[in-house]
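Right, one structure below, let's go through it.
The values are calculated or read from the model by the stated rules, or taken from the named source; none is laboratory data. From a predicted model like this one, the values you see are computed outputs, not experimental measurements. Note: ideal-geometry Cβ built from the backbone for every residue, glycine included; neighbour counts use all protein chains shown. Heavy atoms of the whole protein, side chains included, go into the accessibility calculation; ligands, DNA and RNA do not. Shrake-Rupley method; radii C 1.70, N 1.55, O 1.52, S 1.80 Å.
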Amino acid sequence: MDSGRENSVESGVGLHDENIITSEDEELSVGGIFENEEVPSWTKQLTIRAFVVSFVLSAMLCFIVLKLYFSLGIIPPMNVAAGLLGFFFVKTWTKTLEKAGILKQALTRQEVTVIQTCVIASTGIAFSGGFGSYLFGMSERVANQAAEAKYELDYKNPALGWVIGFLFLTSFLGLFSVVPLRKLMIIDLKLVYPSGTTTAYFINSFHALGGAKLAKKQVREFGKFFSFSFLWGFFQWFFTAGDDCGFSKFPTFGLKAYKYTFFFDFSALNVGVGMICPHIVNISFLLGGILSWGILRPLIETRKGDWYSADLEPHNFQGLYGYMVFIGISMFLGDGLYNFFKVLSRTLAGLYYKILCRNTNMQIPVVGNSSPVRKSLSYDDRHCTEVFLKDQIPTWFAVGGYFALAAVSTAILPHIFHQLKWYYIIVIYIFAPSLAFCNAYGCGLTDCSFASNYGKLAVFTIGAWAGASHGGILAGLAACGVLLNIVSTASDLMQDFKTGYLTLASPCSMFVSQVIGTAMGCVISPCVFWIFYKAFSDLGLPTSEYPVPLATVSYNMAKLGVEGLSALPTGCLKLCYGFFAASILINLTRDALGKKRSWFIPIPMAMAVPFFLGSQIAIDMCVGSLIIYVWQKKNKANADAFGPAVATGLICGDGMWTLPKCILALVGVKPPICMMFISRATYNKLD
């Protein structure tokens with residue numbers, strides 16, 4: 001992003017005032033572009049068409065997010081995609097109604113912001129709801145993969161009723177926990193929130209002079225690659241009549257490499273994700289794949305009969321698969337703990353410094369009292385601040401809402417999870433607002449949400465507190481869900497407040513759209529999950545198209561927290577210690593070198609993912625990274641403008657093919673052809 005764009009993003013938008021800014025300032029100011037725009041009241045920003053479009057987009061993106069969650073275990077930021085798609089759908093709707101003479105209300109920046117907020121809140125439940133981690137990790141299907149699942153209380157199979165009830169009980173508390181701090185975070189401390197700021201930049205660009213033309217071109221590119229990706233997924237389906245059939249089983253580098261998961265599986269979705277993710281993330285995936293499947297797995301195989309029984313199946317946790325999973329978990333924990341304490345220390349130090357250096361005339365009101373705006377701010381900043389402070393969300397409403405929801409949740413949750421005692425829940429709710437603030441503040445500084453790390457904290461503490469004989473595994477996983485929902489929705493809300501601040505959307509409309517989006521997500525996400533769960537009987541199994549790797553990780557973390565290190569297979573503990581230490585050492589090296597010199601140091605958490613999934617994912621993502629790299633070398637401006645649209649089209653098209661694929665599976669329609677690749681020796685035997 002060039003400096004001109006950064007200035008326009010940071011300055012916000014506002015109305016022109018000749019007494020305050022010069023003509024030169026007007027050319028550079030975003031506020032000058034929208035000088036004639038009337039800012040609608042917060043109630044008029046909440047339109048029926050915005051929520052209808054939000055519902056459609058939420059359902060579509062939920063399929064995409066869950067497919068990513070089930071297959072990759074990672075979810076790239078969807079803020080820009082939601083803004084782009086929201087602009088496209090509302091623009092199409094408006095144009096159609098205008099031609100029919102029914103509606104002539106123009107599309108506003110605030111309306112697109114409401115759509116983006118609602119959609120991100122809804123699809124965020126697909127992550128914080130734990131359908132690819134703790135919630136599915138509770139199931140019998142995942143528990144049975146771990147050796148010696150001794151206790152009946154160790155699992156709870158998903159059911160649509162209790163899942164929806166659980167989400168409604170836990171997903172709204174995070175919104176109320178940080179609402180009183182919105183002025184402190186956005187105005188007083190001026191946190192950046194990079195994803196929220198970038199989304200605001202795109203929304204402002206759509207509506208700026210010439211921006212609509214660029215948006216139309218971006219939407220056109222999105223449509224092309226959406227269609228290609230969808231049709232490519234449909235075409236591949238015809239050749240997948242058996243377990244080892246189809247283009248996804250093509251032994252690109254030979255059958256020996258295929259055995260160790262080194263092949264390109266022709267997934268448009270994975271290529272699209274690789275185009276979005278930074279190059280170092282994709283390279284880290286590839287290095288992790290080489291380390292795990294190219295070096296470590298063949299070495300451990302030589303210890304068959306010594307470290308583990310030769311009679312065990314390949315995916316038994318006391319055998320070869322157990323080593324891979326627990327080593328990956330140790331890397332997750334090393335990276336997570338290091339970054340947790342790093343961000344926590346930076347959060348506290350940064351907060352202290354910000355408060356210390358604040359203007360003595362400015363106080364820290366938690367609601368945004370109508371205090372005078374500092375005159376040292378630019379015109380755009382002052383106007384953004386005035387609009388942001390115009391509509392109030394009372395403190396009593398936020399605090400009262402949190403305590404009321406906490407009381408209801410404490411009373412009902414033990415009836416859903418008998419292992420999760422009421423006093424466990426109270427302890428979580430006492431500490432949750434502080435953790436939600438830390439996560440929201442850290443997200444404002446780094447754009448990274450460490451909600452999953454806070455969830456791991458609950459897994460270990462509550463699980464150990466409950467104990468194995470009292471359902472500690474299930475109690476830990478349920479506690480993870482309670483805390484994860486709070487801290488995740490809190491950071492999402494602050495990101496959206498930042499977007500609203502820069503697009504002049506009211507905090508009230510942001511909060512209402514977040515609440516409505518969260519409510520949508522509490523219904524849409526479980527229903528989409530249920531379609532996957534019923535359509536794919538092997539969902540969550542290591543050999544499945546959707547192995548749900550983080551569900552296995554979540555269950556085994558809870559098992560470790562309850563049963564201790566005795567759950568590890570023979571000799572695995574020493575390897576885990578080594579990789580845990582290596583994960584911390586790599587992070588220390590990255591921080592010591594600084595951002596400019598650490599671009600070639602891999603990321604341990606990304607390296608850990610292939611331990612569960614295999615190397616083919618890394619190869620797909622590196623292909624996406626190579627495409628965007630070559631594109632940027634040939635035409636950087638074109639790649640920056642259309643790369644996200646192309647990547648989003650590839651992701652959305654492949655993700656949307658999942659819906660008809662699930663429907664075909666549910667009604668019993670199977671692919672007609674099996675395209676299989678075999679060795680010459682096998683072929684000669686068959687012949």
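Details
- Simple Cβ-charge dipole of the range 610-680, Lys/Arg +1 and Asp/Glu -1, about Cα centre, in debye nearest 20: 200 debye
- Full extension of the segment from residue 311 to residue 243, taken as 0.36 nm per residue of separation minus the current Cα-Cα distance, would add 22.2 nm.
- In this structure, residue 349 and residue 38 have a Cβ-Cβ separation that, at R0 = 41 Å, corresponds to a calculated FRET efficiency of about 0.45.
- Pairs from the list 342/595; 190/634; 342/498; 249/574 with a Cα-Cα gap above 27 Å: 190/634; 249/574.
- Cα shape, the range 292-332, gyration tensor, a/c 1.5 rule: oblate
- Charge dipole (the range 544-687, unit charges on Cβ, about Cα centre) - positive-most of 610, 637, 571: 637
- In plain terms, the chain from residue 231 to residue 415 could stretch by 61.7 nm, reckoned as 0.36 nm per residue minus the Cα-Cα distance.
- Modelled this way, with points 7 Å down the Cα-to-C-beta line, the labels at residue 670 and residue 408 are 4.7 nm from one another.
- Accessible-area composition of the range 192-310, carbon plus sulfur, in percent [1.4 Å probe]: 68 percent
- Rounded percent of accessible protein surface that carbon and sulfur make up, the range 447-593, 1.4 Å probe: 67 percent
- Förster-model FRET efficiency, 30 Å R0, residue 678 and residue 629, C-beta, rounded to 0.05: 0.30
- Length gained when the stretch residue 391-residue 543 is fully extended (0.36 nm per residue, less Cα-Cα span): 49.4 nm
- Other residues whose C-beta falls under 13 angstrom from the C-beta of residue 507 contribute a net charge of +1, scoring Lys and Arg +1 and Asp and Glu -1.
- Loop-resident trypsin sites (Lys or Arg not before Pro) (DSSP state other than H, G, I, E or B) in the range 267-349 with no more than 15 further Cβ atoms inside 10 Å of their Cβ: 303.
- Area accessible to solvent at residue 427, 1.4 Å probe radius, in Å²: 50 Å²
- FRET efficiency estimate (nearest 0.05) - Cβ-Cβ, residue 162 to residue 256, R0 56 angstrom: 0.75
- Approximate spin-label separation residue 220-residue 356, in nm, with each point projected 7 Å along Cα-to-Cβ: 5.5 nm
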